[in-house]
Amino acid sequence: MSNRRCPKCGEEYSDTYRSCPFCEEEDAIKHGRPLHRRGGRRLEKRQNSNGGAGGVMLLLTGIIILCVVGYVFFGDRVADAVGIRDTQEPSPPSADQTGPQTPSEPDIQTPEPSVSDGDEPSPGVEPVISDTPSEPTADPAEPAGPLTLSQTDITIPAGETGRLTASGGSGEVSWSSSNPEIASVDGGSVTGKAGGTVTITATSGEETATCQVKVEGDPWVDPNPSTYRLSKDDFTLSPSENTWQMKVKKDDGKWEIMGPDQGVTWASNNTGIATISETGLVTRAGKGTTQITATINGVTLECIVRMS
C-alpha cells in the first residue's frame, strides 16, 4: 500500500481510494449531497506541516511572555494570596563579601525644645508633644472634721478602765476629768476610782467634745460637803409659773448653773409633778409636791418643789 498525490488539490491519500477523498468531500459539501466513501483509510492532512509547528512555537512564546509580565506586575500579590511569600530577612553579608568596614559615625540626635503651657514656640521650631501622661498632682490635704469622741456615755466599774478615741480636731488632743477622784483619764484611757458620775473632756485647739462616765461602786464622799449649797431648798411654783432654774455654789464662790461638766447630777423623785434637766432647770409637769436632788462629788443635796 502506498500514497498518491492528487494533481488537483495536491493532498496525499492512500491508494486504497479510487479518487482523491479530499476533492470528493469538498465537492459533496459544495453541492449539498451526502458523502459515500468507497472504502480505504484516509490519510491525515499534512498540508503546511511546517506552518503548524511554527504556530505552536508562537503560542508557547506568547504564553511565556504573558507569565513573565504577570509575575513582574502581580507576583507579590499572588504570593501573598497563596501564602508562599518569603518572609525571611536576608542574611547579613559575610566579611569576605563586604570587605573592610569603616567605623560609622555616632548617631547624634539633636534634642528638640519642649514647649510648656503658656510659652510660645520659637519661629521655625515645632513644639514637642509628649504622649507620656504627666504625674497626677497630689490633692491638697482635706481639712480635719469636727472633734468627736468614739462614745458620749459609758459606764465602768470602779477599778476598771474604759477607752475613748478622739477623731477630727485641729491639733493635738488633751484630756481632762471633772473629778479625778471618781474617774481619771490619760490619753483617752478612763479609769474608775469611786462611785459617781464625771465628765471627760477632750480638747483640740478651740474645739471640745465630752463623754459622761458613770462609775459603779462605793460613792466618793467629798471631805468638805458643807462647801456646796443649792440656791433653793424649798419653793413653790404658782400656776402661772412653769420653770425654775436651780443653781449651785460653794461658800467661797458665786451661784452657778452646773451640770455633768462640773460633776453635778440632777434628779426628780416624781417626774409626773416636776422634771429637771441635766443642768438643773425645773419644769412643771402636774400638781403636787416632789423632791429634787443634786449629787455633787458623792454629796446629795435636796430641795422640796411644790406645784400649785
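Taking amide H as placed 1.01 Å from N in the peptide plane, the amide H of GLY259 sits under 5 Å from that of VAL264, each at least 5 places away or on another chain. Legend: residue pairs LYS214/LYS249; LYS193/LYS250; LYS232/LYS287; LYS214/LYS287, Cα-Cα distance threshold 30 Å; pairs beyond threshold, LYS214/LYS287. Against the criterion of solvent-accessible heavy-atom surface with a 1.4 angstrom probe, PHE74, PHE22 sort, most first, into PHE74, PHE22. Between LEU58 and SER2, the contour length at 0.36 nm per residue exceeds the Cα-Cα span by 16.7 nm. Computed from backbone phi with θ = phi - 60° and the Karplus coefficients 6.51, -1.76 and 1.60, the 3J(HN,Hα) list for the range 195-210 is x, x, 10, 9, 10, 9, 10, 10, 10, 9, x, 9, 9, 9, 9, 10 Hz; x is used for glycine and proline. Karplus-derived 3J(HN,Hα) values for the range 160-166, using 6.51 cos²θ - 1.76 cosθ + 1.60 with θ = phi - 60°, are 9, 10, x, 10, 10, 10, 9 Hz; glycine and proline are entered as x.
Ordered by solvent-accessible area of protein heavy atoms (1.4 Å probe), largest first, the residues VAL72, VAL248 come out as VAL72, VAL248.
Summing +1 for each Lys or Arg and -1 for each Asp or Glu, what net charge is found among the other residues whose Cβ lies under 11 Å from the Cβ of THR199? List each step's numbers first, then the result.
Values: positive: LYS214; negative: ASP153, ASP261, GLU278.
With Lys, Arg at +1 and Asp, Glu at -1, the net is -2.
The amide H of ALA285, built 1.01 Å from its N in the peptide plane, has ALA274, THR275 as neighbours under 5 Å, considering only residues 5 or more places off or on other chains. Phi-derived couplings, Karplus 6.51 cos²θ - 1.76 cosθ + 1.60 at θ = phi - 60°, listed residue by residue for the range 2-19: 9, 9, 10, 10, 6, x, 8, 9, x, 7, 8, 8, 6, 6, 6, 7, 6, 9 Hz, with x used for Gly and Pro.
The values are calculated or read from the model by the stated rules, or taken from the named source; none is laboratory data. Since we're looking at a predicted model, the values are computed, not measured. Note that each Cβ is placed from the backbone with ideal geometry, even for glycine, and that neighbours are counted across all protein chains shown. Heads up: the accessible areas ignore ligands, DNA and RNA and are worked out on the full protein's heavy atoms, side chains in. Shrake-Rupley method; radii C 1.70, N 1.55, O 1.52, S 1.80 Å.
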